[in-house]
Structure formats: C-alpha cells, structure tokens
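Written out below as structure tokens is the structure these notes cover.
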Amino acid sequence: MSFNGIKGAVNVPGEIPWEIVLLYFILALAFVFYIGKKQGGLKKFTTLDLVYIAVGAALGVAWEFYIGSYLGRLLPSSPFIGIGFWGRILIILIFVALVRKVGAGMLSLLIFNVLSDLLHYGFGGEPMFTIYETLTYGLFIDLLIALTGGHIFGIGLKPNTASADVPEEVLVKNLRRRQNILAIVEGIVLGILFALPDPIFYLGFFRPFLYGAIVNWQTVIFDIEAFIPGDVIITIIAGFLALRVARAVGQ
Amino acid sequence: MVSWILFFYGSVIPVIIVLALIGIKGFVEITRYESGTTFFYKLNPITKVVLGIVVMAVASVTTWWIGAILTAAMLLVYLTLNDGFRKFMYAFYLFLSTFLGGTWSIAPYTPYSVLQLAGFKQFNVIWVWPSYFTAFGYEPYLTVQQLIYGAQVAFRITAVVVTSLLLVLTTTASDIFRMFTKLKVPIAITFAITVAFTTVPKVFDLIDTSVKMQFLRGFGYGKTAILRPFYLLVAAILAIPPTIIYLARNARNLAISVDTRGFRAYNSRTSLVELTYSKYDYIMWGIIVMLIVLAILANIFGFGRTIPYTGL
C-alpha cells in the first residue's frame with residue numbers, strides 16, 4: 001500500500017537518483033530560510049501584498065481548472081501547447097510583479113496549490129506537488145526578483161534624473177523603452193527556466209516516485225525543447241502585461 | 001467525416017455543456033458557500049478534507065465502476081444541500097463535461113503498450129482514424145479498451161472534483177480560516193488562502209458582469225443561436241484583463257479594512273467559535289473507514305485499478 005497515493009518507488013530504470021532530488025530541495029529550502037531570516041520572513045509582506053498574492057492564486061485556479069481546461073480541449077494535445085499552465089504563470093507573474101519581494105513567487109505557488117487542492121484535487125499526492133511547484137516555479141520567480149533587486153520586468157524603476165537638461169517626457173520614454181527591453185530579456189530567462197522542472201523533475205522523478213512510471217529520457221529532452229518556445233512567449237507577454245497592470249494600479 | 005465528428009464530440013461537447021448549461025453564473029453558484037442546516041453543513045471541515053482524500057485514494061486504487069458509484073453517491077449528496085436540486089444539476093453538468101472531456105482527452109492517445117500493462121489482453125477496434133490524425137498524437141485505431149481506460153482515469157478525476165466542491169459549497173470562509181489555524185499554519189498564509197478561497201466565486205461574478213456588458217453593447221448581435229456559446233467564450237476571455245485590473249485595484253480596500261481591524265497585530269487570533277467534532281463527524285468518520293475497507297476488499301477480490309502504474 002502507498003501513503004496518500006504516493007508509491008515511493010526510488011529504483012525505477014532511468015529515474016533520477018533520489019539523493020540528487022533531495023539535495024536540490026534541501027538547497028532550495030536552505031535558500032528560503034536564509035532569505036527569510038535576512039528579510040524578516042512572512043512579516044515583510046504587508047497585508048496588501050498578501051491580498052495581491054491571494055487574488056493572483058484565485059485567478060490562477062479559476063483559469064487553470066475552469067476556463068483554460070476547456071479551451072485546451074479545443075486544441076490538439078501536444079507538448080508545445082499548455083493552455084492551463086500558461087494562463088496560471090501569466091496571472092501569477094502579473095500579481096507577483098505587484099508585490100516584488102523575494103518569496104512572493106513561492107508564496108503564490110503555495111497558495112495556488114492549497115487552493116487547487118481545496119477546489120479540485122482533494123489533496124491527492126500531497127504534500128509532494130506543493131513542495132515541488134513551490135520550490136521550482138516559485139523559486140525561479142523569486143531568484144529573478146532577487147537578481148533584479150526587486151525590480152522584476154523593470155517595474156518600480158525611476159527615470160534617470162541625473163542629467164537635468166533632458167526634458168521629462170524623453171526620460172519617461174527612455175524608461176519605458178528600458179522596461180520593455182527588461183521585460184523581454186527577463187521573460188526569455190524565466191521562460192527557459194519554466195520549461196525545465198516539468199520534464200526533469202516530474203517525468204524524471206516525481207512520476208516514477210509517485211506512480212512507478214518508467215522514465216523515457218528522449219521524451220524528457222523533447223519536452224524541454226517543446227516547452228521552451230511557448231513558455232518564453234508567455235513570460236514575455238506576462239512581463240508587458242505586468243508593466244501595464246502595475247501602471248493601472250498606480251505603482 | 002465521422003472521424004471529425006468523433007473528434008469534435010470529445011472536444012467541443014464538454015465546452016458547450018459548460019458554456020450553455022452551466023454558464024458563468026453556474027460557476028459562481030458552485031464555488032460559493034451558501035448557508036444551510038443539513039448533514040454536510042454540520043461537519044468539521046477537517047472531516048470533509050479527509051473524506052476528499054479518501055475518496056481520491058479509493059477511486060484511484062479500484063476498478064472504474066467503483067469510481068463511478070462513488071461519483072454518483074457524491075452527486076446525490078448535493079440534493080441534500082440548500083437549494084439542492086439546482087446545485088445537483090450544476091454539479092451533474094460539470095461531472096458530465098469533465099467525464100466526457102476526461103475520457104476523450106485520454107482514450108485516443110493511449111498506446112497499446114500501456115493497455116497491455118493495464119491487463120487488457122484483447123483489443124476490439126471500433127474505429128480507424130485517418131492517418132493524419134496521428135498529428136494530434138492519436139493512436140491509429142480506437143478500441144473499446146482505450147475507452148474503458150479513459151473512463152477509469154476520468155472517474156478518478158470526477159469523484160475527487162465532485163467531493164472537493166462539496167467541501168467548498170458547505171464550508172464558510174471563517175471555517176476554512178479556523179481549520180488552517182488549528183493546523184498551525186502561519187496566520188499570513190492562512191489569511192492569503194482564505195482571501196483566495198473567497199475570491200474564486202468573485203472572479204466568475206466579475207467575468208459574468210463584463211460578459212453581459214459586452215453583449216449589451218452588441219457583441220455577437222444577430223448571429224445564430226448555435227454560435228452563441230462561442231461568442232460567450234470569446235467574451236469571457238476578453239473579460240479577463242478588466243477582471244484582473246478590477247481585483248488588483250480593490251485589493252487595497254480589502255487590505256485597509258483588514259488592517260483597521262488590527263490584523264497581524266499579534267501572531268495569533270482568538271476565535272469566538274471553536275471547531276469541534278460532533279456526532280455527525282463520527283458518522284462521517286465511520287463512512288470513511290468503511291470506504292477504506294471497501295477499497296481493500298475490492299483489491300483482494302480482483303477489482304483493483306486497471307490503470308498500470310505508468311502514471312497519467
């Protein structure tokens with residue numbers, strides 16, 4: 001018998017050794033605690049941040065399980081297309097971009113997972129999925145926030161006022177252009193990162209671990225290559241939308 | 001031609017069921033709490049969560065018709081809810097759509113190797129797809145066994161979806177808050193979960209308003225009735241950006257009103273109502289134990305799952 005639908009198979013042919021997976025998640029967790037300690041843990045999130053994160057997760061659930069799942073049926077099933085996942089990432093990135101604090105990405109994915117369990121999955125296979133999604137997709141978003149110093153997609157940057165003889169409009173225009181370029185560059189980076197966990201961790205470890213599935217490394221490599229174009233386009237769009245929403249909300 | 005009808009049967013019918021029969025208002029109804037006094041409203045939310053987990057586990061380790069019975073039983077529970085018949089019909093449409101879509105999104109793609117692993121020995125071909133259908137990832141033939149396999153997986157999904165929504169329909173946001181507090185989840189996370197929980201029906205409500213406004217302004221006016229669900233779909237997608245912006249702007253109001261009540265001034269909150277286990281919970285726990293015994297018996301007598309452990 002298995003525990004909560006988790007079979008716990010660790011020696012399926014081709015499966016990534018569990019030690020490596022465990023090491024990744026221990027390192028990821030260590031990073032979470034380090035950042036949490038350094039920046040004051042959950043306390044640094046204002047109530048408004050928490051509401052943003054919650055609304056993002058709720059919209060993500062509404063999209064992935066109710067709107068996107070029916071749209072996806074109209075399209076051929078192919079690794080190139082992931083309507084549900086794209087919508088979720090798009091929505092969550094927009095709301096994370098409103099918060100822009102390290103940890104916002106992981107918290108968003110955590111809330112999304114708990115909510116999708118309440119509404120749809122009924123806590124099957126948990127806590128594996130929550131740990132996995134939070135510490136892969138969520139962590140990647142947070143790494144980008146940390147690298148950009150809290151200015152993901154260039155949101156919150158001020159126009160360069162050092163040169164006084166340039167008119168205000170030109171400065172704002174320059175800033176807009178810089179933000180657009182940043183949105184594209186960071187979108188590409190995030191898109192490529194987002195393509196990795198599902199094939200590597202899910203097909204390579206969690207699926208055999210949870211269900212005892214056989215690993216086909218050709219599928220893994222093909223899926224990574226097939227996920228990249230869609231994910232990159234969606235994350236770039238998310239960057240542009242995040243810029244617009246941030247402006248509409250008045251940041 | 002028949003191939004295309006079959007193809008659209010599996011992909012379009014679920015969408016039409018959702019758009020025409022449930023509608024966006026239906027999603028509001030089926031994700032929002034309404035007060036009631038019957039059995040399910042009196043249960044501790046933790047009991048309901050455990051029921052969901054057990055139903056999921058039982059449906060996934062037993063044969064397809066046990067999943068079907070579980071789904072049917074859970075659907076019938078909707079009749080006991082406040083305004084039960086309407087909720088039952090919405091849940092039934094959702095089940096129908098999920099079931100058809102689920103079966104159809106799995107069956108034609110399942111290769112014979114998987115079916116063999118699933119323990120099927122003979123294959124009855126009922127339809128030969130045109131060769132270009134393999135571009136969608138279809139197998140060359142459709143067999144009865146593929147359909148059984150698809151139904152098996154789909155019933156596993158429907159049983160859980162129907163049970164999960166039962167939790168959502170009969171539990172107040174406050175009770176969800178208390179449940180996570182009792183499970184010692186940090187208050188910031190509990191708060192975010194509760195807000196998200198109450199936002200889901202609001203999302204559909206806002207989309208509905210926006211869709212109606214678009215129709216009032218003449219979107220899809222004078223087109224035939226057959227096309228109407230698709231106009232609804234397009235309108236719903238167009239409604240998403242305004243919904244996002246509206247929710248993002250209103251987030252500030254909610255944050256201010258929560259902060260003025262002294263939220264997070266302390267690390268914990270005191271609650272007037274304590275979550276308790278009543279006799280109804282003990283009855284439910286009895287049913288849960290029976291379900292587990294049933295699953296074990298089913299496996300002993302050879303009615304275990306017909307999905308091989310190669311995953312979905």
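Rule-based calculations on the coordinates, nothing more; no lab input. Note that the coordinates shown come from a computational prediction; the quantities given were computed from them, not determined experimentally. For neighbour counting, all protein chains shown are included, and Cβ atoms are generated from backbone atoms with ideal geometry for every residue, glycine included.
The table for this structure:
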{"read-out": "Approximate spin-label separation B:Tyr266-B:Ser278, in nm, with each point projected 7 Å along Cα-to-Cβ", "value": "2.8"}
{"read-out": "DSSP-assigned coil residues among trypsin sites (Lys or Arg not before Pro) in the range B:224-295, each with at most 16 further Cβ atoms within 10 Å", "value": "B:Arg261, B:Arg269"}
{"read-out": "Relative counts (whole %) of C-alpha pair distances in chain B, using bins that are 20 Å wide", "value": "26, 52, 21, 1"}
{"read-out": "Estimated distance in nm for a label pair at B:Ile69 and B:Tyr112, the labels positioned 7 Å out from Cα along Cα-to-Cβ", "value": "3.4"}
{"read-out": "Whole-Hz couplings from phi, Karplus 6.51/-1.76/1.60, listed for the range A:235-247; x for Gly and Pro", "value": "5, 5, 4, 4, x, 5, 5, 4, 4, 5, 5, 4, 5"}
{"read-out": "Coil-residue trypsin sites (Lys or Arg not before Pro) of the range B:160-231, DSSP, other Cβ within 10 Å capped at 12", "value": "B:Lys184, B:Arg217, B:Lys223"}
{"read-out": "Listed residues B:Ala248, B:Ala59, B:Ala298, most fluctuating in chain B (Gaussian network, C-alpha, under 10 Å)", "value": "B:Ala248"}
{"read-out": "Extended-chain gain in nm, criterion 0.36 nm per residue less alpha-carbon gap, A:Ile233 and A:Ile221", "value": "2.4 nm"}
{"read-out": "Theoretical ellipticity at 222 nm over the protein assembly as shown - DSSP helices of four or more residues, -39500 (n - 2.57) apiece, nearest 500", "value": "-21000 deg cm²/dmol"}
{"read-out": "Prolate/oblate/rounded label for the protein assembly as shown (Cα gyration tensor, a/c 1.5)", "value": "rounded"}
{"read-out": "Neighbour-count order for B:Ser3, B:Ser11, fewest beta carbons within 10 angstrom listed first", "value": "B:Ser3, B:Ser11"}
{"read-out": "Loop sites in the range B:203-297: chymotrypsin sites (Phe, Trp or Tyr not before Pro), DSSP, at most 14 other Cβ within 10 Å", "value": "B:Tyr221, B:Tyr266, B:Tyr277"}
{"read-out": "Label-point separation in nm, B:Tyr221 to B:Ile300, each point 7 Å along Cα→Cβ", "value": "7.0"}
{"read-out": "Per-pair calculated FRET efficiency, R0 = 22 Å: B:Arg249 and B:Ala173 via Cβ, rounded to 0.05", "value": "0.55"}
